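Coordinate-derived values only; no laboratory data. No experiment lies behind these values; they were computed from the predicted model shown. As a convention, Cβ positions derive from the backbone with ideal geometry for all residues, glycine included, and neighbour counts pool all protein chains shown.
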Amino acid sequence: MDRNAYSRPISLKKVRVTDAFWKQEMELVRKEVIPYQWEALNDRIPDAEPSFAMRNFRTAAKLNAAKKEGAKPVKWPLEFRILPEEGKPLEDRFYGCLFQDSDFSKWIEAVGYCLTQHPDPELERTADEAIDYVCAAQLENGYLDTYYIISDQDQIFTNLRDNHELYCFGHLTEAAVAYFEATGKDKLLKAAERYADYIASCIGPEEGKKKGYPGHEIAEMALVRLYEATGEEKYLDLGRYFVDQRGTRPYYYDLEHPECVEKGKEEQQRYSYQQAHLPVRDQEEAVGHAVRAVYLYAGMADVARLTGDETLLTACERLWKSITEKKMYITGGIGATHVGEAFSFAYDLPNDTAYAETCAAIGLVFFARRMLEIRADSRYADVMERALYNGILSGMALDGKSFFYVNPLESVPEACIRDERKEHVKPVRQKWFGCACCPPNLARLVSSIASYAYTQSKDTLYVHLYMGSVLEQEWEGGKADIRITSEFPWNGKVSLEVRTQQEAEFTIALRIPGWCTSYTLDGQPGPMAGEQVKDGYLYVKRAWKDGDRLELEFPMEIRLLAADDRVREDIGRAAVSRGPIVYCMEEADNGKDLHLYRLAEDPAPVERRREIGGMTVTGVRTRASRRKPQEPGPLYREYRKPEYEETTVDWIPYFTWANRGEGEMQVFIRTGD
Ligand code: FUB
Ligand code: ZN
């Protein structure tokens, strides 16, 4: 590992996103998602399942105060999801999913990012007040999880496998760092530190401490972030401990709850759902719950970067390949089965029963960016871009008002309602979810998008994603603003202009997207390999003067893509893509029974500028044929070569599907091969 080559995300305070596409998404988050979410956190959305998140913090604070006055705490049973009894008034107990606190954390994290781009004193005041409630719930010893504070404090850290305390801690910590970095206010950061210190006093390698680790990973990344924000090595040590301890024998979870050990299960598979079946360095294949997995791998990459641990990095690379070469949908979605919201076996990527949770694709982006920090290799950025523009953005409606948790690649509304195997697939986006993990996760990602687009090392600015922005950069050799304009994802033209008062020497490393076979730099064909190009990045080193420009063009051609033959579901099928966008066909354009279409031998794809849900997009039209209606007859009959009639199919960007009412959708089309 060449530690000199590491790069880090640029501070969101030093970048202004001006991009037409991303600005629109960010504005949706700022104007629609964040206010809506705040109402949801406070149970003020009529007809939506209450979140109870803020109520739980207030209840915990009230009980803390009462305890100080000598009140005896009431104990409540620890159930996964606690809903009020119908017709009865709410009690002073915890309500919602046991990880409901994390709803608040994701919200405040998104608020922090938003404030860096758009100062808003009123929003900041609301956030500060929310933080006051949260901090009032914290126990004197630093513990801060309302589920246990309210329900039964004697049970704290007794079920690390299932009960999400360290998950909620991770989200709280990520939020605290983000809010501190955005506003300079450290109240929540101090609370997170106190909580981290309490965790470290209970869990760790020292004699007498629990030898546990999170059942739902995220604390690993969060502790690294806390270490980087505070400079306190003890947080990195705890994060590294969680990574190193995971999957070691005897299994901590066996010791934690011997009565729950799944006896019949092969030892090597036990805890694969939590990626704790083996020590992380011995894990060959991405398995188990997909969100947990990618959060872990992202944390492993963080620890590898900071400790220079090659064995950990090798494991990350292996797991990266396992996902992206064998277990990822063309949309960047991951998690092929709803059973355990998990990865399936290699090449098992069904389209209509896919889980592809929005959060899992988001976690893949976390993992990708961390791998890029260690080594700029366009393989990582290509996947990051694929997930962002497809399997993640599909999670939110174009008006920012409804969301998908599951992102299938094929959908027939009737099947979603009548076929239990597809119950998880919704034909239209939902307003909110009782378990609201995806919408707020999307909000925090979109509002921090610039930290995925750019990373910086001592002497190099890496441009991983193209988007209009103004970056204020400082180099050893001076200061410079870099203005980037781009029309991604619809047009591959990009220009960069350097504004500087004195000559500044540094390198700009530009990703050459994997989807283009050529490009131009200042009007000339740019190199695809050679001295200037390494691992898919073009390195332009100059002593930059004020007004220096680079003009790039990455041609966005319409491409027909096929999956590896081992993906049984996609055999004899093709998908349409253009630049970073994957397309789908919808009933709204092509009528019902999309399965009757077959791509023409000469599909002759053409672009079509069009409006979907208020967004102007580049659509595609291809030539196709449609099976002619059969004569009425028995279900099974003598085979006869079917007749087809020539027609065309209209394709829209996958992320824009289900914005025009309920209807069929399909990403892959039959080719007749
Ligand atoms: O368990 C917390 C979150 O809820 C997971 O990350 C999601 O997959 C959902 O199950
Ligand atoms: Zn989710």
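Modelled label positions at residue 535 and residue 74, each set 7 Å beyond Cα in the direction of Cβ, lie 5.7 nm from each other.
For the pair residue 627 and residue 42 in one chain, pulling the backbone fully straight at 0.36 nm per residue adds 205.4 nm over the alpha carbon distance. Backbone amide hydrogens, once placed in the peptide plane, bring residue 509 within less than 5 Å of 461, 462, 463, 540, excluding anything fewer than 5 places away on its chain.
What ranking do 18, 460 get, fewest neighbouring Cβ atoms within 10 angstrom at the top?
Details: 18 15, 460 19.
Ranked by crowding around the Cβ, least crowded first: 18, 460.
Could you give the Stokes-Einstein D for the range 1-93 in µm² per second, using the C-alpha Kirkwood radius, 4 °C, 1.567 mPa s?
On the way: Rh = 18.1 Å.
The diffusion coefficient I find is 72 µm²/s.
Using the rule -39500 (n - 2.57) for each DSSP H run of four or more residues, divided by the residues of the chain, the 222 nm mean residue ellipticity is -10000 deg cm²/dmol.
Above 20 Å, the calculated P(r) of the range 458-553 contains 33 percent of its Cα-Cα pairs. Counting only Cα atoms, the size of the range 163-253 along its three principal axes is 44, 23, 17 Å, in decreasing order.
What does the net charge come to around residue 391 if you take all other residues with beta carbon closer than 12 Å to its beta carbon, with K and R at +1 and D and E at -1? Before the final figure, lay out each step's value.
Numbers: positive: 386; negative: 357, 385.
With Lys, Arg at +1 and Asp, Glu at -1, the net is -1.
Cross-link partners of residue 426 among lysines, defined as those whose alpha carbon lies under 21 angstrom from its own and excluding same-chain residues fewer than eight positions apart: 401, 592. Annotation: for a label point projected 7 angstrom from Cα along Cα→Cβ of residue 501, residues of the range 462-483 with backbone N closer than 20 Å are 470-483.
Just name one of 226, 450, 250: the one whose Cα is farthest towards the positive end of the charge dipole of the chain (beta-carbon charges, Lys/Arg +1, Asp/Glu -1). Farthest towards the positive end: 450.
Take 329, 519 and order them by how many other Cβ atoms sit within 10 Å, fewest up front.
Details: 329 29, 519 19.
Fewest-to-most ranking of 329, 519: 519, 329.
If you keep only loop residues by DSSP, which GluC sites (Glu not before Pro) in the range 568-671 have at most 16 other Cβ atoms within 10 Å of their Cβ?
Details: sites: 569, 586, 587, 601, 607, 611, 638, 643, 645, 646, 662, 664; in loops: 601, 638, 643, 662, 664.
Those that pass, being in a loop and sparsely packed, are 601, 638, 643, 662.
Here the extension length gained between residue 260 and residue 126 equals 43.9 nm, from 0.36 nm per residue of separation less the Cα-Cα distance. What you get for the chain, charging only the Cβ of Lys and Arg (+1) and of Asp and Glu (-1), is a dipole of about 380 debye around the Cα centre. A DSSP coil position with no more than 10 other Cβ atoms inside 10 Å describes the following trypsin sites (Lys or Arg not before Pro) in the range 221-279: 263.
With a Förster radius of 41 Å applied to the beta-carbon distance between residue 481 and residue 643, the computed FRET efficiency rounds to 0.05. Once both labels are positioned 7 Å from their Cα atoms along Cα-to-Cβ, the gap between residue 601 and residue 636 label points is 3.2 nm.
Given 10 °C and 1.306 mPa s, how large is the Stokes-Einstein diffusion coefficient of the chain in µm²/s, with Rh as the Kirkwood radius over Cα pairs? Don't skip to the answer; put the middle values down first.
Details: Rh = 26.2 Å.
Here the translational diffusion coefficient equals 61 µm²/s.
Pulled fully out, how much extra length does the chain show between residue 18 and residue 493, if you take 0.36 nm times their separation in residues and subtract their Cα-Cα distance?
Details: separation 475, 0.36 × 475 = 171.00 nm, distance 1.54 nm.
The span from residue 18 to residue 493 would gain 169.5 nm if fully extended.
Estimated from the Cβ-Cβ distance and a Förster radius of 25 angstrom, the FRET efficiency linking residue 559 and residue 346 is about 0.55. Computed from the C-alpha gyration tensor, the three semi-axes of the ellipsoid equivalent to the range 288-327 are 18, 12, 6 Å, from longest to shortest.
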